[in-house]
Structures are given as C-alpha cells and as structure tokens.
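K.L.:
Okay, handing you the structure first.
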Amino acid sequence: AEYGPLVEHLHGQVVKISPTSTDYLNPMDLNLNYSDDENPLSLKSDFILSLCELIVGGKDGLMPVEKTIIDRCVRSVYREYLSDPRPEKMPILGRY
C-alpha cells in the first residue's frame, strides 16, 4: 500500500498476494523465449533448485542426490507442457 500512489501515477496495478488471495505468483512459469543462448528448461530447473535450497535452508543445503531428484522431477513436470505449450498447461507449484 505504501507504493500505491506511485503505482497509480504510473498507471500500474497493485496486486495483493496473501494466503486468502485469488492472485498468486507462479515460480514455475516458463518463458520459452527467455534466452537465445541457454535452454529455458535448464534455467527453470536451476531456479527451482535454488528455491528448494532456500526453503530447506541449513548450512549444508540439499544433498547431491536431492538435487538430482529435483532436476529430474522438474523436467518430468514440464514434459506435457512442452509438448503442447498452452498457458492452461503451465505447471503450477501448488499442484505438486
């Protein structure tokens, strides 16, 4: 709310995110045109892995076997979407 006037001045929109909100951020959203140089799925897998490490925390983070499992799962989750990349098929973290 403190940025409300600025957002209004720039003709933006304030999006309120809370446990009871119908709006949400999807960390699994994948932009297939994100990079010309790198595979977008590899970049997304790295991002999800970083997110999991942040959630798990601890001084040691994730074990190598856990990182491998997460990478495989991310690639598996996107398989259906990549075969038919329509927005309604985009993976959403809450489903998994």
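The values are calculated or read from the model by the stated rules, or taken from the named source; none is laboratory data. What you see is a predicted model, and the numbers here were worked out from it, not measured in a lab. So basically every Cβ, Gly included, is an ideal-geometry build from the backbone, and we count neighbours across all protein chains shown.
K.L.:
If GLY61 meets every condition in (1) out of contact with any Asp or Glu (no Cβ under 7 Å at 6 or more places or on another chain); (2) at positive phi apart from one, which number is that one?
P.N.:
Of everything listed in (1) out of contact with any Asp or Glu (no Cβ under 7 Å at 6 or more places or on another chain); (2) at positive phi, GLY61 misses just condition (1).
K.L.:
Out of VAL65, VAL74, report the one residue that is farther than 16 Å from MET90 by Cα, at pLDDT 90 or above and out of contact with any Leu (no Cβ under 6 Å at 6 or more places or on another chain).
P.N.:
Working: VAL74 fails: farther than 16 Å from MET90 by Cα.
That would be VAL65, the only listed residue that is farther than 16 Å from MET90 by Cα, at pLDDT 90 or above and out of contact with any Leu (no Cβ under 6 Å at 6 or more places or on another chain).
Per-residue answers, yes or no, for (1) touching a residue at least 60 places away in the same chain (Cβ under 8 Å); (2) surrounded by 10 or more Cβ atoms within 10 Å (Cβ to Cβ):
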position	(1), (2)
GLU2	no, no
PRO5	no, no
GLU8	no, yes
VAL15	no, yes
THR20	no, no
ASP23	no, no
ASN26	yes, yes
TYR34	no, yes
ASP37	no, no
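K.L.:
Of the residues that make up the range 21-44, is at least one within 22 Å of GLY94 (Cβ to Cβ) and touching an Asp or Glu at 6+ places or on another chain (Cβ under 6 Å)?
P.N.:
no
K.L.:
As an exercise: evaluate GLY58 against (1) assigned to a helix (DSSP H, G or I); (2) of a type outside the set (Asp, Glu); (3) without any contact (Cβ under 8 Å) to a residue 40 or more places away in the chain and give the number of the one condition it does not meet.
P.N.:
(1)
K.L.:
Pairs only if they're at least six apart or on different chains, beta carbon under 8 angstrom, first in the range 68-96 and touching a residue at least 40 places away in the same chain (Cβ under 8 Å), second outside any loop (DSSP other than H, G, I, E, B); list them, first residue then second.
P.N.:
Note: pairs meeting the criteria are TYR78/LEU41; TYR78/LYS44; TYR81/LYS89; LEU82/LEU41; MET90/TYR81; PRO91/VAL77; PRO91/TYR78; PRO91/TYR81.
K.L.:
Those residues that are more than 16 Å from the chain's Cα centre (by Cα) and β-branched (Val, Ile, Thr), I need them from the range 55-86; list them, please.
P.N.:
Of everything in the range 55-86, those that are more than 16 Å from the chain's Cα centre (by Cα) and β-branched (Val, Ile, Thr) turn out to be VAL56, VAL65, THR68, ILE69.
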